[in-house]
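Take a look at the structure set out below.
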Amino acid sequence: MTSEIESAQQELIEEFEFFDDWMERYQYIIDLGRKLPEFPDDWKTEDNRVHGCQSQVWMHAEPRNGRLHFQAVSDSAIVSGLIALLMRVYSDRPAGEVVASEPHFIGALDLDRHLSPTRSNGLRAMLDRIRAHAAEISAGA
């Protein structure tokens with residue numbers, strides 16, 4: 001049986017196959033970031049700040065019936081788009097599934113080759129934060 005996360009990753013990979021070049025992909029990622037849900041100012045705390053990102057990034061995560069729900073925001077258009085990709089794959093998914101899944105979409109989309117080293121580090125930092133929150137939920141913390 002295919003997991004929710006695997007299905008979401010495959011959908012993203014298929015969406016990106018429609019684009020002929022990286023400029024189109026970057027624009028699509030930026031457009032996704034513009035559609036992020038509103039992030040309340042009172043969530044912009046030091047505890048919610050994601051360290052390791054060149055841009056300012058805040059992430060709020062909470063359990064909802066054994067699932068990880070998160071929202072995030074950045075002051076960078078491209079990072080906001082990366083947040084949107086991560087939300088599509090991981091938000092509102094079973095916490096155990098988040099912990100157990102590998103983010104193969106990053107390599108499949110060539111994000112690891114087309115993002116700057118600082119953006120790649122930021123993406124990894126956000127992914128690490130998501131997986132840490134999911135591990136806490138899975139452990140019943």
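A few points about this structure:
- Within the chain, longest stretch clear of exposed GluC sites (Glu not before Pro) (DSSP loop, no more than 10 other Cβ within 10 Å): 47-141
- Among the trypsin sites (Lys or Arg not before Pro) within the stretch 42-141, not one is in coil by DSSP while having at most 11 neighbouring Cβ atoms inside 10 Å.
- Look at the dipole of the chain built from charges on Cβ: of GLY66, CYS53, VAL99, the Cα furthest out on the positive end belongs to CYS53.
- Short-range pairs are left out: with C-alpha atoms under 8 Å and at least six residues apart, the relative contact order of the stretch 20-69 is 19 percent.
- Principal semi-axes in Å for the stretch 21-66 [√(5λ), Cα gyration tensor, largest first]: 25, 15, 11
- Less than 5 angstrom separates the built amide H of LEU68 from those of ASP92, ARG93, ALA95, all sequence-distant by 5 or more or on a different chain.
- In Å, descending, principal axis extents of the Cα set of the stretch 22-141: 42, 32, 23
- In the elastic network of the chain, a GNM with C-alpha springs shorter than 10 Å, the most mobile of PRO94, PRO37, PRO103 is PRO37.
- Using the Karplus relation 6.51 cos²θ - 1.76 cosθ + 1.60 with θ = phi - 60°, the per-residue 3J(HN,Hα) values for the stretch 100-105 come to 7, 8, 9, x, 5, 5 Hz, with x marking Gly and Pro.
- Chymotrypsin sites (Phe, Trp or Tyr not before Pro) lying in DSSP loop within the stretch 1-79, provided at most 11 other Cβ fall within 10 Å: PHE18
- Normalising the average separation of contacting C-alpha pairs (under 8 angstrom, six or more residues apart) by the number of residues puts the relative contact order of the stretch 40-94 at 28 percent.
- Relative contact order of the chain, taken over Cα pairs closer than 8 Å and 6 or more residues apart, is 29 percent.
Here, each number is a calculation from the coordinates, and none is a lab measurement. Since we're looking at a predicted model, the values are computed, not measured. A quick note on method: Cβ atoms are made from the backbone with ideal geometry, for glycine too, and the neighbour counts reach across all protein chains shown.
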